[in-house]
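Report on the structure given below.
Bear in mind that the values in this text are calculations on the coordinates, not laboratory data. The model shown is predicted, which means the values in this text are computed figures rather than measured ones. Methodologically, a virtual Cβ is constructed for each residue, glycine included, from the backbone with ideal geometry; neighbour enumeration extends over all protein chains shown.
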Amino acid sequence: MTDPTRLFLIRHALVEPSARAVLYGAMDVALCDLALRQEAALYRWLAFRLPKPAHWVVSSLSRTRATAAAIFAAGYPEAPLAEEPDLAEQHLGEWQGIPHEALTERLRHPPHPFWPHGAEEKPPGGESFAELQARVAPVMEGLAARHAGGDVVVVAHGGSIRAALAHALGLTAHQALVFSVKNLGLTRLEKHGADWRVAGVNEEPWTPPNPD
């Protein structure tokens, strides 16, 4: 038996309020400065929890690189960041930048029960979630092959992490949208030979309440 390849996937930190007011998709938006300060304990936990050493990967969007920098600043030894453009968030085409309430009239298919649009819905000039899933799958296989038996930290997006989970579990794009992926939540996947294993989803520190 060889050691599994372990992938530690983190969704980027919360983005600035002006971006959250619209559908930002693959737009390159900044992180929220206030959230960066308020979530200091979460960054310290990630710096402690993540494996050392590890190969670090970010998407082509700056919010993933900024999130990695914040984890390094919280105590993780700084590491080179490899960029994987195909781990970027779903490109929403002409929908990017519109208010959330303006989306309904643009839909051609019923929305997903847990997402504003269905997995097969393709925005004009953009891509469907199913297409996002198709581009993320080979990235996951490539990372597992190139770093066999090692540890890989991936700072990515809610969409690309859902797509990675769907690939590991053999889910449809519709089923993948059932997952809720929290900002700075930790998802762990393992590759054992030809098989994927889901070791954890949305891990985060938890402190029991003071009984007093």
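Some notes on this structure:
- Within the range 95-136, restricting attention to residues that are of a type in the set (S, T, N, Q) and out of contact with any Pro (no Cβ under 9 Å at 6 or more places or on another chain), the residue that is surrounded by the most Cβ atoms within 10 Å (Cβ to Cβ) is Gln133.
- Of the candidates Arg11, Arg63, the single residue that is out of contact with any strand residue (DSSP E or B) (no Cβ under 6 Å at 6 or more places or on another chain), among the basic types (Lys, Arg) and crowded, with 19+ Cβ neighbours inside 10 Å is Arg11.
To keep it simple, each residue is scored yes or no on (1) in contact with an Asp or Glu (Cβ under 9 Å, 6 or more places away or on another chain); (2) without any contact (Cβ under 8 Å) to a residue 24 or more places away in the chain.
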| position | (1), (2) |
| --- | --- |
| Arg6 | yes, no |
| Leu9 | no, no |
| Leu14 | yes, no |
| Ser18 | no, yes |
| Leu23 | no, no |
| Ala26 | yes, no |
| Val29 | yes, no |
| Asp33 | yes, yes |
| Glu39 | no, no |
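- The residues of the range 14-47 that are in a loop (DSSP other than H, G, I, E, B) and closer than 25 Å to Glu141 by Cα, listed by number, are Gly25, Ala26.
- Exclusive hit being touching a residue at least 24 places away in the same chain (Cβ under 8 Å) and either within 24 Å of Ala47 (Cα to Cα) or among the hydroxyl-bearing types (Ser, Thr, Tyr) (or both), set Val136, Val154: Val154
Condition check ((1) under 20 Å from Leu9 (Cβ atoms); (2) of a type outside the set (A, V, I, L, M)) across all residues:
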position: Glu120; (1), (2): no, yes
position: Arg135; (1), (2): yes, yes
position: Gly142; (1), (2): yes, yes
position: Asp151; (1), (2): yes, yes
position: Val154; (1), (2): yes, no
position: Gly185; (1), (2): yes, yes
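- Test: residue in the range 74-94 that is assigned to a helix (DSSP H, G or I), surrounded by fewer than 22 Cβ atoms within 10 Å (Cβ to Cβ), in contact (Cβ under 8 Å) with a residue 24 or more places away in the chain and in contact with a Lys or Arg (Cβ under 7 Å, 6 or more places away or on another chain): yes
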